[in-house]
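All remarks here apply to the structure that follows.
Each reported figure results from applying straightforward, stated rules to the coordinates on display, with no laboratory input. Because the structure is predicted, anything quoted here is derived from the model rather than measured. All Cβ positions, even for glycine, are placed from backbone atoms using ideal geometry, and neighbour counts span all protein chains on display.
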Amino acid sequence: MKVKTTCYKINELFETIQGEGSFTGQPSIFIRLQGCPVGCSWCDTKHTWEIDPQLQVASDVMLGKTQESDYWSELSIEQILETITTEGYQAKHIVLTGGEPCMVDLKPLCEALEQAGFSCQVETSGTFEIRVSDNCWVTVSPKVNMRGGYEILTSAMSRANEIKHPVATEQHVDELKALLAEHQITTTPVYLQPISQKPRATELAIKTCIENNWRLSVQVHKYLGIE
Ligand SMILES: C[S@@+](CC[C@H](N)C(=O)[O-])C[C@H]1O[C@@H](n2cnc3c(N)ncnc32)[C@H](O)[C@@H]1O
Ligand SMILES: Nc1nc2[nH]cc(C(=O)O)c2c(=O)[nH]1
Ligand code: SF4
Ligand SMILES: [Mg+2]
């Protein structure tokens, strides 16, 4: 009898410094899942949107990428743990991102990673049910009125350990305020993240953070030119 093992479609697996939110500065292993239907016009990882069966490659090809691409590989939990060991990664914090990682059940992966001594964090748009371990740190970056037509789930807003909102215009700030009111979020830390390092967006984020006692998240890795 064939035993079914949980597999994940992975675009990239790499070690770097977490550049966003509360864990900024923390050495982290990033697992970037393939696939996202949300359709943010300014998304910085558009190469993860489609799951094209023609672009499935062997894990060594995916791991050997030297630039962004829409190639992906299917890895089991065991293969993910094995890769972390063989790559010699030292970080003890793992960030599950994408694409939209919450399209799939991440709980078995989180639990296996925690069992192996890692802490987990997920980066999600809040438009899919969040299936992670109880201890997983959840970063919700809510996506309002995007092309895909997805709604923010109340369950996602209330599970969030932090809310990290990309902003470029006053409208983005208003949308966030409406969302916080609608879902009665009062104590969760809120970060504003300027979209694509645009000076106007950064200025707006600084001003709005000061006005509302929110925090600033500036995608440190982009300023450093690292992954
Ligand atoms: C690429 S997304 C992947 C995870 C998930 N789909 C989400 O949106 O949270 C990772 C983070 O990058 C943020 N992001 C994407 N494009 C950005 C951009 N151009 N400027 C600033 N932040 C961006 C997202 O809001 C999210 O917080
Ligand atoms: N260094 C680094 N930090 C990050 N934090 C969130 C990221 C993401 O793409 O989800 C990201 C990323 O792509 N690189
Ligand atoms: S939800 Fe995340 S991955 Fe999907 S388009 Fe928006 S920023 Fe990009
Ligand atoms: Mg990124």
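Numbers at a glance
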item	result
Loop-located trypsin sites (Lys or Arg not before Pro) in region 1-41 whose Cβ has at most 14 other Cβ within 10 Å (DSSP)	2, 4
Normalised contact order of region 86-227, rounded percent, pairs of Cα under 8 Å and 6 or more residues apart	16 percent
Check: region 133-227 dipole with +1 on Lys, Arg Cβ and -1 on Asp, Glu Cβ, in debye	240 debye
For region 27-57 and region 112-166, distance of Cα centres in Å	16 Å
Local electrostatic count, residue 39, Cβ distance below 13 Å [Lys/Arg +1, Asp/Glu -1]	+1
Ranked list, fewest to most other Cβ atoms within 10 Å of each Cβ, for 57, 3, 38	3, 57, 38
Sorted by Cβ density within 10 Å, fewest first, the residues 42, 137	42, 137
Assigned charges on the beta-carbon of Lys, Arg, Asp, Glu; the chain dipole about Cα centre (debye)	300 debye
Region 58-132, dipole about Cα centre (Lys/Arg Cβ +1, Asp/Glu Cβ -1), debye to the nearest 20	200 debye
Bridge type composition, the chain - antiparallel percent by DSSP, nearest 5	30 percent
Choice from 154, 127, 139 with maximal GNM fluctuation in the chain (Cα, 10 Å cutoff)	154
Relative contact order computed over region 7-166 (Cα-Cα under 8 Å; 6+ residues apart), in percent	23 percent
Options 84, 116, 137, ranked by Cα towards positive dipole end of region 82-158, top entry (Cβ charges)	137
Anchor residue 222: lysines whose Cα lies under 29 Å away (excluding residues fewer than 8 positions away in-chain)	9, 46, 65, 92, 143, 164, 177, 198, 207
Surrounding net charge for residue 136, when Lys and Arg each add one and Asp and Glu each subtract one, Cβ distance under 13 Å	-3
Dipole axis of the chain (+1 Lys, Arg; -1 Asp, Glu on Cβ), positive-most option in 165, 199, 53	199
Most mobile of 85, 66, 186 in a GNM of the chain (Cα contacts under 10 Å)	66
Long-range Cα-Cα pairs in the chain (distance over 29 Å), rounded percent	25 percent
Signed unit charges on C-beta, dipole axis of region 1-49, positive-most listed residue 31, 8, 43	8
